[in-house]
Structures are given as C-alpha cells and as structure tokens.
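The values are calculated or read from the model by the stated rules, or taken from the named source; none is laboratory data. Here the structure is a predicted model, which means the values were calculated and not measured. Virtual Cβ from ideal backbone geometry, glycine too; neighbours counted across all protein chains shown. When the accessible area is computed, the model is the full protein with side chains, heavy atoms only, and any ligands, DNA or RNA have been set aside. Shrake-Rupley method; radii C 1.70, N 1.55, O 1.52, S 1.80 Å.
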Amino acid sequence: MADDSDVEAALVAAARWLDDVPGVVGVGQGEAEGAPTIDVWMTPGHDPGRLPSQLLGVPVRVRDSGGPVEAGG
C-alpha cells in the first residue's frame, strides 16, 4: 500500500494531466476500500485511455465531471 509521501508525489504528478490530457478538469485524493486513490475528473466524451491505472503505486480512478466545467467570475 502507498504511504503518504507516495500519495503526495502522485498528486503532484497527476496535476500535470490538467494541461497535458484533453478532458481532465480536476485531480485530487480519494479513497477506495480504505486505501488512498488519485481521482481524476474528466468531461464526458474524452478518452481516459491516456491515463495509467496507477501512479507511483497509488490507484487512479477516473470520475465523470458531469459536463464541461467553467470558471465562475
């Protein structure tokens, strides 16, 4: 199981997907079955196939953002 430093490093690495992978609108830490995960929110219709199933030993979960995300202002 990944420790806290692995999770932090994975979050930093996953944050790059916001700019590098089309459709990624958010990344964050989640939890599944008591273990940490990296949750990646994508807009519908984008291919999550460019994302790994795990990052630095931390499982990656793709989540549906529910639609385009626009910055409020």
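Output the number of the condition that residue 25 fails; it satisfies all remaining conditions of (1) within 12 Å of residue 7 (Cβ to Cβ); (2) of a type in the set (Val, Ile, Thr); (3) open to solvent by 30 Å² or more (accessible area, probe 1.4 Å).
(1)
All but one of (1) within 25 Å of residue 5 (Cα to Cα); (2) more than 10 Å from the chain's Cα centre (by Cα); (3) not hydroxyl-bearing (Ser, Thr, Tyr) hold for residue 66, so report the exception by its number.
(1)
Would you check if residue 19 is among the charged types (D, E, K, R) and either in contact with a helix residue (DSSP H, G or I) (Cβ under 6 Å, 6 or more places away or on another chain) or assigned to a strand (DSSP E or B) (or both)? Don't jump to the end; show me each part of the working.
Details: among the charged types (D, E, K, R): yes; either in contact with a helix residue (DSSP H, G or I) (Cβ under 6 Å, 6 or more places away or on another chain) or assigned to a strand (DSSP E or B) (or both): no.
So residue 19 does not fit the description; no.
Those residues that are outside any loop (DSSP other than H, G, I, E, B) and farther than 17 Å from residue 65 by Cα, I need them from region 1-16; list them, please.
4, 5, 6, 7, 8, 9, 10, 11, 12, 13
Collect the residues in region 28-47 that are out of contact with any helix residue (DSSP H, G or I) (no Cβ under 8 Å at 6 or more places or on another chain) and surrounded by 15 or more Cβ atoms within 10 Å (Cβ to Cβ), keeping them in residue-number order. I'd like the intermediate steps shown before the answer.
Taking region 28-47 as the starting set, the residues that turn out to be out of contact with any helix residue (DSSP H, G or I) (no Cβ under 8 Å at 6 or more places or on another chain) are 30-35, 37, 39, 41, 43-47.
Scanning region 28-47 gives 30, 37, 39, 41, 43, 46.
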